[in-house]
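Accompanying notes for the structure given below.
The values are calculated or read from the model by the stated rules, or taken from the named source; none is laboratory data. This structure is a prediction, so every number in the text was calculated from the model and none was measured. In this analysis, Cβ positions are derived from the backbone assuming ideal geometry, glycine residues included, and neighbour counts consider all displayed protein chains. Calculation scope for accessible area: heavy atoms of the full protein, side chains included, ligands and nucleic acids excluded. Shrake-Rupley method; radii C 1.70, N 1.55, O 1.52, S 1.80 Å.
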Amino acid sequence: MDHRDERHRNSIFFADGDSFSGWPFEVDVHADEPTIEVLNALGVEFSSVGNHELDVTKSFLVDHMAKGKCFGTIGVDSCFTDSTGRQFRGADFDFQSANVVDAKGQTIVAPYTIRWVRDGGRAYPVGFIGLTVPDTPVGSTSYQPDLKALDPVESANRAADELTRRGVKAIVLNMHDGGTDASATYNNCVNPSGPAIELARKVTPQIDAIVTGHWHAAFNCSIPDPAGNPRPVVEAANHGRLINEINLQLDQRTGEVLRDKTTSVNHAVTRDVTPDPEIQRIVDYWTAAGARKYAEPVATITGDFTRTPNAVGESTLGDLAADVHLWTARQNGPADLGVIAAKPATGSTALRGDMLVAASTKPGDAAGRVMLGESWDAYGYGNPVLTVSLTGAQLDAVLEQQWQTQPNGTIKFAPLALSGNVKYAFDASRPVGDRINPADVKLDGTALDPAKTYRVAALAYTVIGADGYSAFKAATNPVRNNTDHETFTSYLRTHKTLTPAPLDRVTQKG
């Protein structure tokens with residue numbers, strides 16, 4: 001299976017980022033360790049840091065995934081037994097990012113790596129610079145308020161200068177950001193555009209090839225660098241659909257890349273070949289482990305939790321999720337209320353399925369038993385719960401955006417669910433933007449104060465405005481809590497027996 005044999009002794013096999021996190025239940029519930037086992041078996045040598053590599057925490061990436069450090073209870077939360085019977089030991093490869101830094105301005109992983117190739121008894125260094133998509137610290141899944149992304153061009157140029165000073169004359173930029181083109185096939189380049197294409201036209205000529213990702217696009221371009229010399233700029237789709245092959249031809253005397261003799265091609269990964277036995281064994285092992293995890297009981301419900309709204313947009317599952325947000329935020333500090341987009345104005349909702357008493361009943365189970373997999377299916381899409389500050393006036397503006405006038409003049413209702421310590425009334429006869437009187441919003445029985453600052457718990461997707469509530473973008477002082485799936489499971493296990501709350505948090509005047 002390993003590509004590093006005599007036939008390909010100078011091949012260097014690497015990944016462009018987003019190799020783990022956010023994938024199927026059997027992977028996610030095992031702390032992404034199954035993915036690392038597969039990548040190790042494939043012989044991946046290194047990877048850039050994608051945005052999804054930071055979907056949990058910096059420590060999850062640099063300590064757990066890279067070094068195999070355990071957290072929580074071994075075999076329950078992390079460090080599961082892999083398909084060979086050994087405890088998780090981390091990746092056999094390392095990660096690079098030249099532009100993601102911590103609060104002290106230090107890169108969280110090495111900015112680059114150097115590999116050596118040989119020819120005629122002589123060794124030549126090849127440098128690989130990693131870059132991460134710049135919006136990673138404020139992205140909905142990778143929201144990391146303690147991290148910062150530096151300018152990618154400046155970061156790449158700085159790393160290239162350092163490599164050059166170290167005598168490296170062949171340099172590849174492995175950037176997790178991408179672009180697109182107008183070609184209908186995966187091996188052409190027609191009118192390319194996007195961040196990676198713009199960067200390719202600016203970044204130092206010291207870099208000889210640029211591998212991109214993130215956009216799930218497929219193109220194979222040759223774009224002149226600032227000195228006018230063409231260099232490969234490629235993207236090989238997503239989810240393993242393509243493998244890109246760049247053949248860098250080096251000058252035997254200097255180790256410089258001969259651009260005119262360098263080639264690039266995207267290869268389609270077909271499904272008409274016999275699966276590799278080792279990889280199939282790993283997949284089968286973790287699929288079975290996932291099925292066992294799915295069936296673990298986490299709570300009992302005495303009634304149905306559904307997404308079905310009443311006349312004012314309130315639902316039992318929406319209310320439960322808002323309660324979960326407030327509960328998890330309070331594990332890390334003060335919080336005044338929880339919010340979730342029950343039916344977002346735009347984008348998708350984390351309320352993905354109903355939890356039904358009848359559907360939870362399996363042979364031998366008690367009625368209403370909720371299994372771990374069922375809770376996963378009901379709520380969450382890999383987003384962290386954030387605690388942020390909003391003034392009462394800003395919170396009122398968020399609530400007003402539940403009604404939005406459409407281009408055709410109709411009014412779209414996009415209800416938000418609020419935690420059980422909040423009750424409010426609205427008047428649909430009033431104009432859009434003026435349907436809620438702050439005096440009619442009661443937090444723990446006290447009217448909303450427009451001048452007071454409140455700590456609000458909501459998903460990052462909502463806070464950054466992706467749900468269509470732009471007033472949320474006024475939020476400040478974010479604190480990242482646990483991720484949606486995990487916090488929902490923790491809530492269920494802590495509360496054990498749940499009864500749907502009355503739908504009385506929202507009322508309509510008149």
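Some observations on this one:
- Separation of alpha-carbon centers, the range 196-235 and the range 291-310, rounded to whole Å: 48
- For the range 255-270 versus the range 366-427, the gap between their alpha-carbon centres in whole angstrom: 49
- Too-long pairs where the Cα-Cα distance tops 28 Å, listed order kept, from Lys67/Lys169; Lys473/Lys496; Lys58/Lys202; Lys58/Lys423; Lys148/Lys473: Lys67/Lys169; Lys473/Lys496; Lys58/Lys202; Lys58/Lys423
- Between Ala288 and Lys442, the simple spin-label model (points 7 angstrom out along Cα→Cβ) gives 5.7 nm.
- Between Gly121, Ile210, Ile171, the Cα set farthest toward the positive side of the dipole of the range 95-214 (charges on each charged residue's Cβ, about the Cα centre) is that of Gly121.
- Rg [Å, one decimal], Dmax [Å, integer] - the range 190-241, C-alpha atoms: 10.9, 34
- Rounded to the nearest 10 degrees, the angle from helix 484-495 to the longest Cα principal axis of the chain is 40 degrees.
- Extension reserve of the Gln331-Ala184 stretch, reckoned as 0.36 nm per residue once the Cα distance is removed: 47.9 nm
- When Ser264, Ser142 are compared by accessible area of protein heavy atoms, the largest-first order is Ser264, Ser142, using a 1.4 Å probe.
- Set of lysines with alpha-carbon distance to Lys293 below 16 Å, sequence-local pairs under 8 removed: Lys362
- For the range 50-93 and the range 123-176, distance of Cα centres in Å: 23
- Restricting the GluC sites (Glu not before Pro) of the range 207-301 to loop positions (DSSP other than H, G, I, E, B) with no more than 15 neighbouring Cβ atoms within 10 Å leaves Glu256.
- Basic side chains Lys and Arg get +1 at the Cβ, acidic Asp and Glu get -1 at the Cβ, and with that the dipole of the range 442-510 about its Cα centre reaches some 100 debye.
- Angle in degrees between helix 33-42 and the longest Cα principal axis of the chain, rounded to the nearest 10: 20
- In the range 469-510, the convex hull through the Cα atoms has an average projected area of 5.7 nm², a quarter of its surface area.
- A convex hull fitted to the Cα coordinates of the chain yields 180 cubic angstrom per residue.
- All Cα-Cα separations within the range 399-469 were binned at 10 Å from zero, giving a P(r) of 17, 46, 33, 4, each value a whole percent of the pairs.
- Each distinct pair of alpha carbons in the range 61-121 adds a 1/r term; the inverse of their mean, the Kirkwood radius, is 14.1 Å.
- What the Cβ-Cβ distance of Asp449 and Thr346 gives, at R0 = 45 Å and to the nearest 0.05, is a FRET efficiency of 0.90.
- Unit charges on C-beta of K, R, D, E only; dipole of the chain, Debye: 480
- Lys/Arg +1, Asp/Glu -1 at C-beta; the chain dipole; positive extreme among Thr180, Leu372, Ala110: Ala110
- Electrostatic dipole magnitude of the range 288-335 [Cβ: Lys, Arg +1; Asp, Glu -1; Cα centre; debye, to 20]: 240
- The reciprocal of the average 1/r between distinct C-alpha atoms defines the Kirkwood hydrodynamic radius, which for the range 97-237 equals 15.7 Å.
- FRET efficiency for Cys70 and Asn10, using Cβ-Cβ distance with R0 set to 35 Å, rounded to 0.05: 0.45
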